[in-house]
Every structure is written in C-alpha cells, then in structure tokens.
Amino acid sequence: MDQEGSDTAESGPVAALERHQGRSVLSGVIDWQVAAKTGSALVPSGPRTSRYSAEQVVAELAVASERAEGPVRAVTGLLDDRPVPAARIVDRPGWIGAAADSMAQLTGSDTASATRKRFAGKPAGVQAGAMLAFLSTAILGQYDPFTGPDGTLLLVAPNIVAVERALGVSPSDFRLWVCLHEVTHRVQFSSAPWLADYMRANVEVLGEVGDEPLTEMLSRLVAEVRDRRRSAIPDDPAARGIVGLLRASQAPPQREALDRLLMLGTLLEGHADHVMDAVGPSVVPSVEQIRTAFDQRRKRPTNPVQRILRALLGVDAKVAQYVRGKAFVDEVVGSVGMARFNTVWTDVDTLPRVDEIEDPQRWIGRVLGSGR
C-alpha cells in the first residue's frame, strides 16, 4: 500500500482487474485439477465415526448454518436482499476440490488454458495439492465468494468433529459457533459486493511474478525459509514463512497488493471472530468456555512435522494476524458502536491501513473524524 493507502477507480487494483480480466498471469501456471487429485490422495482421513453419527453431524451443521443467519444480522446490523445459499457440508477431499475450483476461478484458469498448458502446470499442481492436503486438516469452514452466483459456504465436517472432541466442548454449541463465523463472512461479502472484485484485482497484481515458474519459486522460497530460520536472524521475514519472505522479496506493486490482501484478511477474520463471541450465551450457552478452550488450543505445541509446515507456510503469523484483527474490531466497536464501525464496508478508502490495524483510534480519526 502506498503512503496514502488510497486506490482510485482509475489507478487502483479494481482498474488492474479491468485491464487484466480474462488473462490472469496465473492462468495455466498451476493445473488445479492435478492439485485437487494430489491433495485428495495425500490427505489423511478424519476422525473415526459411524455412518449414522456422520449423517447426524451433516444434518446439524446444515441447520446450524441457517440458525446463524439471524444472530449474525442482529449483531452486525448488516442487511441486504441477497439470496441465502444453503451450506455445503464436505469432507477433507471435498474441501480440497472446492478450494482448487475456487483458485481456478480466482486466477482466471479455464479448461482450455489448462489443456494447452497441462504439462507446464502439472509440477506446480502437485506442490499446490500437497499444500491443500495440509490445509484441509485444519480448515473448519470457509465462505468462497468466487464460485456460484451467491458464493459458496463450506463447512468441513470431520475437522469440526475433531476439534470439538479435542476441546471437550458441547458439540451443538461448537457447531453453531463455527457457523456464526462462516456466515459472518458470507454477510460481509453480500453486504459489500465490491469486496470480491477488490480481492480478485489484488490477486491479479500479485500474480505478476515475472518469468520464474511458480513451481521453482515455491521450491526456492521453502528452502530459503528453512535455511534462514536456522540462522535465527532477528526480525528476518523468513520467520513469517513463505508469505513474509515473499513480501520482502517482491517489487513494490506486488508487495502493496499483498499488504492490501493481508489487511483485508485481518479485518474479515477479526470481524468474524468478534461476531461469534458477541452473540453471547443466549445463542451459544457455552460461548465463553469454547473461546477459552479454542484459544488455548492454538497455543499448544504441535507435532514436529506440523511445526515445520506451519513455519514454512507462515500459519502462526496468520493466526496472530487474526488476533490483531479481532482486537481492532473490538476497540472500534467499543468506542463508536457497531453502526459506525460498519462504515468500514463503504469502499476501498474506508478499509484499515497497515498502521491502523495496530492503532484503531487512528482509523477512527481518519474515517469517522473527530466528531465520534
């Protein structure tokens, strides 16, 4: 993001989308069909459960996703007349397939380009599939604004069951709690339709990575993160995984696009975390117990392989970023109320900038003015 952090319709990421629409530089670089097949082959199975129990989980999650709509609207005050799509309850391979399809949509890949570049895209597809396999074991749910006329709300049943068992919390409460988070994401995008184009445009800018094949870039970054983390250099971007090192090594336009995406992700996740806790015990009776147990679980050490993957992918930095996002939303809502906080969804210029995530009062002063 530039010093002023502003993007006009003529020169910002939305304009970049208009210039590059239909010819993303990432098109065909990754064969997403190969990624889906690879990820599905590598992913470990979820927790053991009977077929009857599995069907009960699917049915309860479907109902919970509908129940979450009212509390989310009540807490956020965000209203629109968009249709409410039914949630898709999936297993891990199902999420991998959906994620690969979403990335193909987001990067402009299509069947024709994939066929033309199938040989070039296969190595990167295998690497992408391996990453999707790892991520698929941790994702509880996801709202995808890029597939379907009204987006797609995904809930990963085996992961939700695994976490609720690990936390020892009420399954019904936890399932609704997760749905509150994901439905909040759907409401964010349905209430501010420009967000999807904004994301896509920044991905277009970020995708202008030069002539280095993506498969070689990923291999190089993974090796460099590993080697530089061993040296324990203070404040080394490698400490934040591939994303941190990628940001440090990119040209200014790509680095600014990545910053915009990171700040948007921080806002969206922080807002969803705020909402899922703000509904209170009248909706989720054990909400405080769930939040406490969930946050403690985030801090627990994982097995060595998971630690390596989390470090390489920057997962821990991502979690810390979401914590910062919730702190931002908590402070702004506590200071000016939810109705005025919702100014954040107006346009690109009302989104928080990098320095404002750490200093919510600065965002309040810039966007809402001194008459708060």
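Return a yes/no flag: does the stretch 64-72 have any residue that is of a type in the set (Val, Ile, Thr), part of a helix (DSSP H, G or I), crowded, with 16+ Cβ neighbours inside 10 Å and within 20 Å of the chain's Cα centre (by Cα). Even if it seems obvious, please write down each step before you answer.
In the first step, residues of the stretch 64-72 are kept if they are of a type in the set (Val, Ile, Thr); the result is 72.
Still in the list and also part of a helix (DSSP H, G or I): 72.
Restricting the remaining residues to those that are crowded, with 16+ Cβ neighbours inside 10 Å gives 72.
Of the ones still in play, those that are also within 20 Å of the chain's Cα centre (by Cα) are 72.
The answer is yes, given that some residue of the stretch 64-72 is of a type in the set (Val, Ile, Thr), part of a helix (DSSP H, G or I), crowded, with 16+ Cβ neighbours inside 10 Å and within 20 Å of the chain's Cα centre (by Cα).
Restricting attention to the stretch 159-179, which residues are of a type outside the set (D, E, K, R) and buried (at least 23 other Cβ atoms within 10 Å of the Cβ)?
The answer is Ile160, Phe174, Leu176, Trp177, Val178, Cys179.
Is it fair to say Phe134 is assigned to a loop (DSSP other than H, G, I, E, B) and at pLDDT below 90? No, not satisfied. Name the pairs: first residue in the stretch 124-142 and within 16 Å of Leu153 (Cα to Cα), second residue among the polar types (S, T, N, Q), Cβ to Cβ under 6 Å, at least 6 apart or on different chains? Listed by first residue and then by second, the contacts come to Leu140/Asn159. Which one of Val329, Val367, Val348 is within 18 Å of Asp273 (Cα to Cα) and crowded, with 16+ Cβ neighbours inside 10 Å? Going through Val329, Val367, Val348 in turn, just one is within 18 Å of Asp273 (Cα to Cα) and crowded, with 16+ Cβ neighbours inside 10 Å: Val329. Per the listing Val84, Val14, Val57, the residue uniquely at pLDDT 65 or above and assigned to a helix (DSSP H, G or I) is Val57. Going through the stretch 340-357 one residue at a time, which ones are part of a helix (DSSP H, G or I) and farther than 15 Å from Ala192 by Cβ? Listed by number, the residues that qualify are Arg340, Val354, Asp355, Glu356, Ile357.
Restricting attention to the stretch 191-204, the residues that are within 16 Å of the chain's Cα centre (by Cα) and closer than 20 Å to His274 by Cβ total 1. Of all residues in the stretch 137-166, exactly one satisfies the criterion of being touching a Phe, Trp or Tyr at 6+ places or on another chain (Cβ under 6 Å) and part of a helix (DSSP H, G or I), namely Glu164.
Going by the conditions given, is Arg366 part of a helix (DSSP H, G or I) and at pLDDT below 95? Criteria not met by Arg366.
The values are calculated or read from the model by the stated rules, or taken from the named source; none is laboratory data. Source: prediction; values computed, not measured. FYI the Cβ positions are ideal-geometry reconstructions off the backbone, even for glycines, and counts take in every protein chain you see.
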